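Let me begin by presenting the structure, written as structure tokens, before commenting on it.
The values are calculated or read from the model by the stated rules, or taken from the named source; none is laboratory data. In this text, all values refer to a predicted model and were calculated from it rather than measured experimentally. Here the Cβ positions follow ideal geometry from the backbone for every residue, glycine too, while neighbour counts run over all protein chains shown.
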Amino acid sequence: MKNRAMLIGSIGAGKSTLTNALLGKTVEAFKTQTLTYYDWIVDTPGEYTENPMFYKSIMATALEVTHVFYLQDATNGKMIFPPGFSMGITKLPIGVITKSDHPNADIARSIDMIKSVVSSGPIVITSSVEGIGIEYLKELVKLNDMNSMKNFVIAAMDDKLLFNDYLYTSRNV
Ligand SMILES: Nc1nc2c(ncn2[C@@H]2O[C@H](COP(=O)(O)OP(=O)(O)O)[C@@H](O)[C@H]2O)c(=O)[nH]1
Ligand SMILES: [Mg+2]
């Protein structure tokens, strides 16, 4: 399978804007009504994450990808993923904090929230507007196992790139 990432997160978390940043496009983000497939990205509607009725759609779509990006909007204090959500999806998880450039961004709060979702995996602090963290995400999607991602994070030595593994250190994915 070609390495691909599915983006999930609340309505307005910045999925479509991040998709554009990752693909290097300058087009305006648009509200996604259904799944949108790009070269190596699957953008999902925020409703999929916000409404448990759509969890089965997330699970089904996950079968088509190698990585799942769990987005947490740094300006939003609301936690919308159930704790441990990524444990139910057997694809490589990556926590993504969006909008780190925003004046209302609370990075520490966002990291705490995403840690309860991605209990084992990288966490990348990003801004699609300023291009922060975008290259890290592209590199991580090329890596095929948790250990490679962990080594990548350690080698980067950047406080915008963390690795969370306080629960399970040798998770098999
Ligand atoms: N400041 C800032 N705003 C962003 C960023 N990414 C997205 N936004 C804004 O957040 C809003 C929702 O973005 P969108 O990509 O449509 O979210 P989606 O519903 O998850 O696809 C839009 O007004 C974007 O301009 C970012 O990195 N920084
Ligand atoms: Mg969207």
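A quick yes/no check of all residues on (1) crowded, with 17+ Cβ neighbours inside 10 Å; (2) in contact with a Ser or Thr (Cβ under 8 Å, 6 or more places away or on another chain); (3) modelled with pLDDT of 95 or more; (4) aromatic (F, W, Y):
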{"site": "K56", "(1), (2), (3), (4)": "no, no, no, no"}
{"site": "F69", "(1), (2), (3), (4)": "yes, no, yes, yes"}
{"site": "N76", "(1), (2), (3), (4)": "yes, yes, yes, no"}
{"site": "F81", "(1), (2), (3), (4)": "yes, yes, no, yes"}
{"site": "G95", "(1), (2), (3), (4)": "yes, no, yes, no"}
{"site": "S100", "(1), (2), (3), (4)": "yes, yes, yes, no"}
{"site": "A108", "(1), (2), (3), (4)": "no, no, yes, no"}
{"site": "V118", "(1), (2), (3), (4)": "yes, yes, no, no"}
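Just wondering, is there one or more residues in region 14-24 that are of a type in the set (A, V, I, L, M), near ligand 2 (Cβ under 10 Å from one of its atoms) and modelled with pLDDT of 95 or more?
Scanning region 14-24, I find at least one residue that is of a type in the set (A, V, I, L, M), near ligand 2 (Cβ under 10 Å from one of its atoms) and modelled with pLDDT of 95 or more, so the answer is yes.
What pairs come out if I take residues in region 10-22 that are in contact (Cβ under 8 Å) with a residue 24 or more places away in the chain and pair them with residues that are within 6 Å of ligand 1 (Cβ to nearest atom) and part of a helix (DSSP H, G or I) whose C-beta lies under 9 Å away, six or more apart or interchain?
Close Cβ pairs satisfying both conditions: S10/G46; I11/G46; G12/G46; A13/G46; K15/G46.
Of all residues being modelled with pLDDT of 95 or more and of a type in the set (V, I, T) in region 131-173, which is nearest to L22 (Cα to Cα)? Just the residue, please.
I134
For region 78-124, how many residues meet the condition of being in a loop (DSSP other than H, G, I, E, B), within 16 Å of ligand 2 (Cβ to nearest atom) and among the hydrophobic types (A, V, I, L, M, F, W, C)?
Summing the residues that are in a loop (DSSP other than H, G, I, E, B), within 16 Å of ligand 2 (Cβ to nearest atom) and among the hydrophobic types (A, V, I, L, M, F, W, C) in region 78-124 gives 1.
For region 30-39, does any single residue satisfy the condition of being charged (D, E, K, R), within 10 Å of ligand 1 (Cβ to nearest atom), touching a residue at least 12 places away in the same chain (Cβ under 8 Å) and surrounded by fewer than 22 Cβ atoms within 10 Å (Cβ to Cβ)?
If we filter region 30-39 for residues that are charged (D, E, K, R), which is where we start, we get 31, 39.
Subset that is within 10 Å of ligand 1 (Cβ to nearest atom): 31.
Those left that are additionally touching a residue at least 12 places away in the same chain (Cβ under 8 Å): 31.
Checking which are surrounded by fewer than 22 Cβ atoms within 10 Å (Cβ to Cβ) leaves us with 31.
Yes.
Each row is one residue, and each column tells you yes or no for (1) out of contact with any strand residue (DSSP E or B) (no Cβ under 9 Å at 6 or more places or on another chain); (2) without any contact (Cβ under 8 Å) to a residue 40 or more places away in the chain; (3) of a type in the set (A, V, I, L, M).
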{"site": "V68", "(1), (2), (3)": "no, no, yes"}
{"site": "I89", "(1), (2), (3)": "no, yes, yes"}
{"site": "K138", "(1), (2), (3)": "yes, no, no"}
{"site": "M146", "(1), (2), (3)": "no, no, yes"}
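Given the conditions (1) at pLDDT 95 or above; (2) away from ligand 1 (no atom under 13 Å from the Cβ); (3) not in a loop (DSSP other than H, G, I, E, B), which single one is not true for V65?
Of (1) at pLDDT 95 or above; (2) away from ligand 1 (no atom under 13 Å from the Cβ); (3) not in a loop (DSSP other than H, G, I, E, B), only one is false for V65: (3).
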